[in-house]
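Below: one structure, written as structure tokens.
The values are calculated or read from the model by the stated rules, or taken from the named source; none is laboratory data. Small disclaimer: the values here were computed from a predicted structure and weren't measured. Glycine gets a Cβ as well: all are built from the backbone with ideal geometry, and neighbour counts include every protein chain shown. Side chains included, ligands, DNA and RNA excluded: accessible areas come from the protein's heavy atoms. Shrake-Rupley method; radii C 1.70, N 1.55, O 1.52, S 1.80 Å.
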Amino acid sequence: MRLNFGKSPPMLVPPIGTIQYITHPLLRKKAVDFAVLRLDQIDDEVSGNKFFKLKYNLKAAKESGKKTILTFGGAFSNHIFATASAAHAAGLPSIGVIRGQDADLGNPTLRHAKEMGMVLRLVDRESYRNKDSPEFLDKLKEEFGDFYLIPEGGTNELAIAGTKEILGKETAGFSHICVSIGTGGTFAGLAATIKNHQNLLGFSSLKGDFIYRQISEMLAKYEIKPKGSHAVHAEYHFGGYGKTKPELIGFLQWFHSEFGIPLDPIYTGKLAFALWDLIGKDHFAKQSRILMIHTGGLQGNEGFSEKTGIILPAT
């Protein structure tokens, strides 16, 4: 499927991903329902939560009259991949500021970004840490001219406005809404729209207790007061962002063979592992109806396979 980001505004009501119910002896034993909201299926290139994060930013960029999108990301960034694709579809030039001067421009993510017309600017890691400073941004404006800035990971007010549209009447019957956390923009949008009876659970893919403060500050900044309950889990990071362990890789491969659902090792794989583990430990009461949000990110599996030799399915 290819959604049209070239419209003004871009498609405001994207097709919701398929809700795929799965069955397994563990679920029957624990008397819980488990389903996956397949946001990875809504678009071939701007998949998952990235569609929702980008669509209002692209609309704002076009309405502002700025001719170029600039954003930041790592060498295997889902955000870089999706932004390059979405900007291309919207007819906007794009620039990707990439962390690390040693980044491989030939890896699948950056190769795709270049094919979409994105200009890639490699910067050393020390400079990248200062990417939000006025001095650094001024240097980029001197080099590239004026641009519409989208932050790393895509999270800003307009991104959250988009992620508020992920849940709808199709998801109202679930007791638990579960999602992985990177920058927190998707969690925030879901927090703003859960129902009174729903519990929102976020699972951080990054190592560190800072995530609790980050989420709390984000909800306060955007004045989000969830109607239901919410909680963050920080114990399923597998060593930190981009880190994996054999048990995680084995789980990803088992999950795909068992249910036909591909996962990535950075976000959705850790989320699914955590939920399966918690179900087994009776974390969820009987008759719970659990919805896992599949936020996409499968483009990174090709690069992961090239780098490690471990084949992970992407479809």
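Put simply, the C-alpha atoms of region 18-90 give a gyration tensor, and the ellipsoid matching it has half-axes of 36, 13, 9 Å, longest first. Taking label positions 7 Å along the Cα-Cβ direction at both Thr315 and Glu157, the computed distance is 4.1 nm, reported to one decimal.
For the chain, what is the accessible area per residue in Å² when the probe is 1.4 Å?
On the way: 13720 Å² over 315 residues.
Solvent-accessible surface per residue comes out at 44 Å².
Once all protein chains are placed together, Val232 keeps about 30 Å² accessible to a 1.4 angstrom probe. Once the Cα-Cα distance is subtracted from the 0.36 nm per residue extended length, the Ser127 to Gln253 segment shows a gain of 41.6 nm. With the simple spin-label model, which puts each label point 7 Å out from Cα in the Cβ direction, the Glu217 to Leu105 separation comes to 3.5 nm. Extension gain, Ser64 to Ile19, is 12.6 nm, computed as 0.36 nm per intervening residue step minus the present C-alpha separation.
For region 203-290, which trypsin sites (Lys or Arg not before Pro) are in a loop by DSSP, counting at most 16 other Cβ atoms within 10 Å?
On the way: sites: Lys207, Arg213, Lys221, Lys227, Lys243, Lys270, Lys281, Lys286, Arg289; in loops: Lys207, Lys227, Lys243, Lys281, Lys286.
Passing both the DSSP loop test and the Cβ count: Lys207, Lys227, Lys243, Lys281, Lys286.
Note on region 171-239 and region 65-128: Cα centroid distance 27 Å, given to the nearest whole angstrom.
Divide by every residue of the chain the summed helix terms, -39500 (n - 2.57) for each DSSP H run of at least 4, and state the resulting mean residue ellipticity at 222 nm, rounded to the nearest 500 deg cm²/dmol.
-11000 deg cm²/dmol
Only protein atoms count toward the accessible area here, which uses a 1.4 Å probe; on the chain, the carbon and sulfur part of that area reaches 50 percent. In terms of its alpha-carbon gyration tensor, region 64-132 comes out oblate; a/c meets the 1.5 threshold, while b/c is at least as large as a/b. The ellipsoid equivalent to the alpha-carbon distribution of the chain has semi-axes of 32, 22, 18 angstrom, derived from the gyration tensor eigenvalues as √(5λ) and listed largest first. The accessible area of Ile261, taken with all protein chains in place and a 1.4 Å probe, comes to roughly 0 Å².
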